[in-house]
Amino acid sequence: MQIKKITCIALDGEFPDFASRLIAPDYGMPLIATILSESGYDVKLYIEHIKSPEWDCILTSDLVCFSTWNANADKTYSLADEIRRRLAIPIIMGGVHATYFPESCLHHCDYVVFGEGDETILELIEALAQGGKVEEVAGIAYRVGNEVRRTASRPGQARFDTIPKFSLIECYRRMNLIDILSEIKRPVLTIQSSRGCPFKCSFCIVNTMFPGGYRTRDIEIVIRDLRDKRQYGRNLLFVDNEFAGDRRYTKELLRRIIEENFAFNIKVFARVDITKDDEVLSLMRQAGITYVFQGFESVQPETLRAYNKHQTLTEMIAAIQKLHSFGIGIWGSFVLGADTDTPETVKSTVDFAIDQKISTAYFWPIWGHFPEQRNGYKTLVPWYRGIFHGWRYCNGHFVTHFPLNMPPSKLQTEIIDAYHAIYSPKQVLQALKDRRLNDMISRIWLRYQWESIEKEVRRYVSFLQELEDGLYDSDGYLCEDLLVERVRKNPRWTFQAGKQTSEALELSPLELPIPGKRNTTSLPA
C-alpha cells in the first residue's frame, strides 16, 4: 500500500488537570513525528491543546498515529472509530495507555506500539508500505481474528539523537501573546537528556515504558536541542525521569549549559539523592535550574518500603533543607492510599509539606489498575479492589481503588482538603512573608488550576460513596470478604471484568481471599 501522508495526533484528557493550563508539547509525539518526517514522510502533527485535529487533513492521510494515555483513551477511541468509518487506512496507537492496555486499544486501531517507538514505528510503517511481514516487527501487537498477537519484545535503544521539531506542530509557531493570555496559559518547552531510571519504585510506569534501563543522550546533541528550543522561549522542563542518574554525566552536561549561557528557566525531576553532591547543586543553580520535582511519595516509613523508594523521612528532610540552601525550589509529589495509609497519615503528609515549606505539592491517589505482576514486583492493589468509572477518570486526580484503611470517598475528600490547605490564602501570605515570591506566585496559579479540577472531582465523590456502601466497618476498614462476595456475584462490576469496557488486564485467573473473615489489618507498629 502507498503511505506518504501521515497524521500524528495527541488528544487532551476530557477533564482538566494540572497540565491543562500549560502550552507544553508532550515529548513523545513530536519525537515520533520528527522521525517520520526525516524519513521522507509528509507529516502533520496535532497536539490538541495547541490545535485540534482537522478532518480535511485526516481525510487525505494514508495512515494515522495516536499517542495515548489513560485519560485521553475515550476521546482517542472515539476519533479512531470515526476515522475507521470514513477511511480504510491503518491506525497505530502508542504511549503509556497502549503499552499497558493493548487489547483495549486493538478494538479501535490496527497496531499497538509498546514502550519506546523510535525504531518500531519506522519498521512497522515500512512493512505496511512494502507488504512485509508485520509479525517480524519487534515491539508491536495486532489482531488476527479474535486473537491478539504480540511480537518479540524490543530492548530500549542505546542512542536517541533525534531533535524533535516543534515546527511540525500545527499552529505552534503562530501562537502569540494574545492567544496565551486569553487562556491564561504558560508556555513550557520540553527536552530529554536521559531515558529510564536506575530505581524500580513499585507504583511507577518508567521501567515498563523504558525497558532498556537508564541511558544518557549524547551531550552535544542535547546542546543542539537546547539551541533549537531557545527560539520558542525560556521556560524549560527536562522530562528525564531521573535527571542526575549518572552524576558525572550530569555535571558535564550542566557545565556545557553554563558555557552556552542559554538563560533558560529550568525545571527537572530528581530523587533526594541528588542533594548529596554539593557540586551538582551548585552547577544546577548556575545552569538556571530553579525548581526540582522530588518524588517524596510518603511520610510513612512503611509506605516508603512498600513503594520500594529506597529513601527515608530523615533523608527527605535533609534534601529539602539542602535544596533551600542553594536557592532551589521544590515541587513535592506524594502518592496516597497505600495499605499502610490512613486519614491521619494523609493529614500528616499535608502538614509535612507545609512545615517543610515545599514550594508546590501534588497529591496523587495510588493507581489501582496495574496488572498484578509488573517489572518483577507485585503491585500494591489487588485487581478485585480496582474501581473503574471510565478512562476519562484515570488522569491521576480520581481515586481508582478501594483503600484498605479508609473508604475511597474519604481518601478523595482528604485529597481535596489537602489542596485547599497547601494553596490556601494563609499559605500564599506565608510565602510572601518569607520573601518566597516565586512560591507565592506558584501557589496562586495552582490554586486557580485546582479550582477547575475540583469541580469534577467533587462530583465523583458521590459515585464513590454509592460504590463503597456496606463495604467498610465502623472503623473505616475494608471488609474484603464482602467485596469479594460482590465480585463473585457480579464479576463485571470490577475493573478487570471491565473487559466489557476493555480487554485490558491480561491476568491469569487469581485466587480471591477466602470470604468469612473481616479484614482487620492495622498499621504496623
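The values are calculated or read from the model by the stated rules, or taken from the named source; none is laboratory data. Everything quoted here is computed from the prediction, not taken from an experiment. Neighbour counts run over all protein chains shown; Cβ positions are idealised from the backbone, glycine included.
Things to note:
- Number of positions in region 237-254 that are in contact with a helix residue (DSSP H, G or I) (Cβ under 8 Å, 6 or more places away or on another chain) and buried (at least 22 other Cβ atoms within 10 Å of the Cβ): 6
- Residue list for region 453-488, restricted to those being touching a residue at least 12 places away in the same chain (Cβ under 8 Å), among the acidic types (Asp, Glu) and part of a helix (DSSP H, G or I): 454, 456, 468, 480, 481, 485
- Check on residue 400, modelled with pLDDT of 90 or more and touching a Cys at 6+ places or on another chain (Cβ under 9 Å): yes
- For region 435-485, taking the residues that are in contact with a Gly (Cβ under 9 Å, 6 or more places away or on another chain) and not acidic (Asp, Glu), the one that is modelled with the highest pLDDT is identified as 479.
- Flag if residue 405 is in a loop (DSSP other than H, G, I, E, B) and within 28 Å of residue 292 (Cβ to Cβ): no
- Qualifying positions in region 113-123 - closer than 13 Å to residue 66 by Cα and either of a type outside the set (A, V, I, L, M) or in contact with a Phe, Trp or Tyr (Cβ under 7 Å, 6 or more places away or on another chain) (or both): 114, 117
- Of all residues making up region 193-210, the number that are buried (at least 19 other Cβ atoms within 10 Å of the Cβ) and outside any helix (DSSP H, G or I): 10
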